[in-house]
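The values are calculated or read from the model by the stated rules, or taken from the named source; none is laboratory data. On a predicted model such as this, the values are computed, not experimentally measured, just so you know. Cβ placement follows ideal geometry from the backbone for every residue including glycine, while neighbour counts extend to all protein chains displayed. All accessible areas refer to the heavy atoms of the entire protein, side chains included, with ligands and DNA or RNA removed. Shrake-Rupley method; radii C 1.70, N 1.55, O 1.52, S 1.80 Å.
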2 protein chains.
Amino acid sequence: MAAVDVAGEFETIRRLFAPLAHPEWGRGLRDDVAVVPSRPGHDLVLTKDALVEGVHFLPTDPLDTVARKLMRVNLSDLAAKGAEPFGYLLACHWSERCGWPERMTFVDGLRADQKAFGVALLGGDTVVTPGPASFSMTLLGWTPKGRTVSRGGARVGDLVFVTGSIGDGWLGLQAAQGKLSLEPDRLAALQDHYRTPMPRLEFSDAIRDFASASIDVSDGLIADLGHIADTSGVRIEIDLELSPRSAAAQVWYDGRVDEQAALEKLVTGGDDYEIAFTARAADEAALRREADRRRLRLTRLGRVVAGQGIIARFAGQPVPFERTGFTHG
Amino acid sequence: MAAVDVAGEFETIRRLFAPLAHPEWGRGLRDDVAVVPSRPGHDLVLTKDALVEGVHFLPTDPLDTVARKLMRVNLSDLAAKGAEPFGYLLACHWSERCGWPERMTFVDGLRADQKAFGVALLGGDTVVTPGPASFSMTLLGWTPKGRTVSRGGARVGDLVFVTGSIGDGWLGLQAAQGKLSLEPDRLAALQDHYRTPMPRLEFSDAIRDFASASIDVSDGLIADLGHIADTSGVRIEIDLELSPRSAAAQVWYDGRVDEQAALEKLVTGGDDYEIAFTARAADEAALRREADRRRLRLTRLGRVVAGQGIIARFAGQPVPFERTGFTHG
């Protein structure tokens with residue numbers, strides 16, 4: 001029909017994607033399927049996220065960072081569930097601007113992150129679209145049988161934690177859109193966080209061992225903690241002032257007049273890809289040891305109480321939020 | 001950024017997709033991941049295909065048939081490999097025309113085919129796009145350990161077969177575009193084949209037991225047999241006149257002056273979703289019994305010889321083909 005693939009479907013697979021394939025399970029991308037042996041004593045964990053140009057990434061974002069972001073938002077889901085990723089399937093919907101050079105750039109990003117995170121390509125599809133480019137990934141991992149952490153295990157009395165810092169994803173998007181005035185190295189750090197967030201895979205086994213419920217922060221801290229509260233049938237209470245800020249976010253924050261409004265932006269912006277989770281109070285010391293051992297910042301935000309929904313306080317007073325926070329749609 | 005999801009991501013998941021979820025493994029679509037227990041003695045088989053509006057389906061195609069086609073082109077990949085499907089992940093990239101009624105229609109199609117083919121939704125992503133709608137599915141199945149049929153097992157002396165009939169996919173597309181003049185019921189049959197092809201899952205275990213190499217016919221019979229020849233390192237020789245035609249295709253064919261040109265269209269058009277495969281000559285009788293038992297048409301097209309590529313003859317003379325046949329890009 002309408003769209004013609006100037007670069008060629010078969011050539012794209014053979015020259016660009018086949019070198020990324022899992023040596024055995026991907027069948028060299030020369031078959032219709034991938035074949036993965038069962039892993040005794042383990043469950044298969046799957047997640048799928050899509051990125052659309054103009055919605056989840058900017059038309060000006062380099063395609064290697066788009067590939068890496070796609071990989072990382074999916075890795076982040078597995079990290080938050082305590083799973084160990086091993087492979088992925090990929091659907092590329094190339095727009096008309098995606099000729100050979102652009103596709104090679106995209107694959108460069110995949111290659112770098114495959115190496116960084118120890119995953120391999122299993123299969124997928126490459127098509128062209130007359131609209132904006134979009135990409136969809138199904139990521140696979142393993143957890144020991146029955147050990148995948150859910151959103152539903154938070155219990156009254158648990159504490160609420162988050163890894164790393166919150167708000168850099170949103171600030172990075174503002175920076176990429178030229179809406180922020182900060183020193184160049186601060187802007188660069190924030191843009192890097194927006195374009196290539198760091199999934200917390202190194203903390204994944206600690207989450208598996210100690211978290212009662214967990215989620216990765218993609219919709220925004222408030223919205224995602226709200227998902228835990230809803231699924232667990234509890235209320236989560238946090239103090240907004242405790243929300244952890246990176247050095248760059250702190251500089252931005254210090255320049256705001258309205259502290260509360262600034263905090264609200266940071267905790268609803270999303271795209272953080274940190275792990276928000278609950279854990280028994282008795283496990284806090286062990287969790288801090290695990291975090292320290294990995295030089296990972298770990299912040300206690302609040303606690304789990306009876307009730308429903310999420311209560312976020314600023315200066316001791318509850319702040320009303322639109323419950324869905326920011327959504328990509 | 002640009003696109004706003006009028007119908008709402010969370011509402012779409014909760015109201016439309018959650019009822020389709022696998023009762024246990026899909027976690028009610030209220031988590032970030034699906035969790036599938038390992039199946040001892042079995043391999044996991046995965047495939048992923050995407051459909052783009054204006055490329056793989058027409059803007060006028062009803063969305064329930066688009067959903068069913070997406071399901072069926074993926075099921076067809078598993079059927080051709082001898083695998084038993086059990087679940088899928090789905091990424092919906094809704095265009096602006098996809099409000100509630102359109103999404104409900106899409107989900108109606110999924111529901112019907114879930115029931116027909118015994119699969120359940122495991123997870124996915126729903127996003128909006130400012131461009132044309134597109135959909136991407138990752139389908140999962142099981143095969144007994146080590147038994148997944150590949151494209152690479154054809155050996156000199158094997159025979160070449162195809163299930164069902166060839167050319168209805170291409171004719172159906174012509175019919176849907178108003179380019180064919182045939183009786184209304186013929187046109188309807190062809191359009192149905194184009195919109196909701198029938199994956200040959202009922203023949204999947206026979207393929208697993210008897211095929212030396214196999215592929216589903218999506219790019220076109222010539223192109224797909226060419227894939228088997230390339231991967232197996234053999235030559236495939238077939239007679240074009242043997243290519244099986246449905247009743248509707250036969251009526252169309254009988255109206256052509258240039259028989260060879262007509263056959264070339266049918267064997268390169270693609271979108272057939274039959275299984276093309278090779279098997280030992282000694283297994284032909286057993287294969288025919290299996291096909292008869294299922295009332296499935298099975299046609300012997302030719303044989304496997306030493307050499308490379310595919311030779312298709314008309315009236316005894318080799319016909320030159322563009323090797324890639326029709327590709328969607």
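Structure summary
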read-out	value
Scope the stretch B:239-265; condition of a type in the set (S, T, N, Q) and assigned to a helix (DSSP H, G or I); matching residues	B:Gln250, B:Gln260
Residues (more than 11 Å from B:Trp252 (Cβ to Cβ), over 16 Å from the mean Cα position of the chain (by Cα) and touching a residue at least 12 places away in the same chain (Cβ under 8 Å)) located in the stretch B:162-182	B:Ala176, B:Gln177
Test: A:Leu20 is surrounded by 22 or more Cβ atoms within 10 Å (Cβ to Cβ) and modelled with pLDDT of 95 or more	no
Filter result for A:Gly153 (more than 20 Å from the chain's Cα centre (by Cα), over 23 Å from A:Glu202 (Cβ atoms) and touching a residue at least 60 places away in the same chain (Cβ under 8 Å))	no
Any hit, the stretch B:308-328, residues being modelled with pLDDT of 95 or more and among the hydroxyl-bearing types (Ser, Thr, Tyr)	no
Neighbours by Cβ (under 6 Å, 6+ apart or cross-chain): first from the stretch B:277-297, over 14 Å from B:Val162 (Cβ atoms); second assigned to a helix (DSSP H, G or I)	B:Asp283/B:Phe210; B:Glu290/B:Ala206; B:Arg294/B:Glu202
Qualifying residue in the stretch B:257-273 (condition: more than 21 Å from the chain's Cα centre (by Cα) and open to solvent by less than 20 Å² (accessible area, probe 1.4 Å))	yes
Selection count, the stretch B:56-105, where residues are among the small types (Gly, Ala, Ser) and out of contact with any Phe, Trp or Tyr (no Cβ under 9 Å at 6 or more places or on another chain)	3
In the stretch A:20-33, the residues that are part of a loop (DSSP other than H, G, I, E, B) and touching a Ser or Thr at 6+ places or on another chain (Cβ under 9 Å)	A:Arg30, A:Asp31, A:Asp32, A:Val33
The lone exception for A:Gly141 - which of (1) small (Gly, Ala, Ser); (2) more than 17 Å from B:Arg27 (Cβ to Cβ); (3) touching an Asp or Glu at 6+ places or on another chain (Cβ under 6 Å) it fails	(2)
Residues of the stretch B:55-100 satisfying the condition of being over 20 Å from A:Ser136 (Cβ atoms) and modelled with pLDDT of 95 or more	B:Asp64, B:Thr65, B:Ala79, B:Ala80, B:Lys81, B:Gly82, B:Ala83, B:Glu84, B:Phe86
Exclusive hit being more than 17 Å from B:Phe17 (Cβ to Cβ) and in contact with a helix residue (DSSP H, G or I) (Cβ under 6 Å, 6 or more places away or on another chain), set B:Leu171, B:Leu110	B:Leu171
Cβ-Cβ under 9 Å pairs, at least 6 apart or on other chains, the stretch B:24-41 side closer than 15 Å to B:Thr138 by Cα and hydroxyl-bearing (Ser, Thr, Tyr), far side part of a loop (DSSP other than H, G, I, E, B) and open to solvent by 70 Å² or more (accessible area, probe 1.4 Å)	none
Tally of residues being more than 10 Å from chain B (Cβ to nearest Cβ), outside any strand (DSSP E or B), aliphatic (A, V, I, L, M) and open to solvent by less than 10 Å² (accessible area, probe 1.4 Å) across the stretch A:122-174	3
Residue match in the stretch A:291-303 (condition: out of contact with any helix residue (DSSP H, G or I) (no Cβ under 7 Å at 6 or more places or on another chain), open to solvent by less than 40 Å² (accessible area, probe 1.4 Å) and assigned to a strand (DSSP E or B))	yes
Hits in the stretch B:196-238 - residues which are open to solvent by less than 10 Å² (accessible area, probe 1.4 Å), part of a strand (DSSP E or B) and either among the hydroxyl-bearing types (Ser, Thr, Tyr) or within 11 Å of another protein chain (Cβ to nearest Cβ) (or both)	B:Ala213, B:Ser214, B:Ile215, B:Asp216
